[in-house]
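Notes for the one structure printed next.
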C-alpha cells in the first residue's frame, strides 16, 4: 500500500502542475477495491492518503454528477 500511496501522491503533483499550467482541472481516479484496500494492514495507509489529498489546495472530491454539473456550468 505504501507504494500505491506514493504513486498517487506523485500523480497528484503531476496533474496539479498540469492543471495550473493549462488553467483547467485534471482528474485523479483512485482504483480501489474493498477486497484489497479494506485489509487491516492497508486501510491505515489508504486513510492517510485520503487525508493528504483532502488537505491539498485545489483538490476536489466529487461525484460523477457533481463533475457533470461543474462542466455544464
Rounded to the nearest 500, the 222 nm mean residue ellipticity computed for the chain from DSSP H runs (n ≥ 4, each -39500 (n - 2.57)) alone is -21000 deg cm²/dmol
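If the range 2-72 were replaced by its equivalent ellipsoid, with semi-axes equal to the square roots of 5 times the Cα gyration tensor eigenvalues, what would those be, largest first, whole Å? Please report the intermediate quantities before stating the final value.
Details: eigenvalues 117, 47, 18 Å².
Semi-axes (√(5λ), whole Å): 24, 15, 10.
The numbers here are math on the coordinates, done by the rules we state, and not lab data. Everything numeric here is computed off the predicted structure, so don't read it as measured data.
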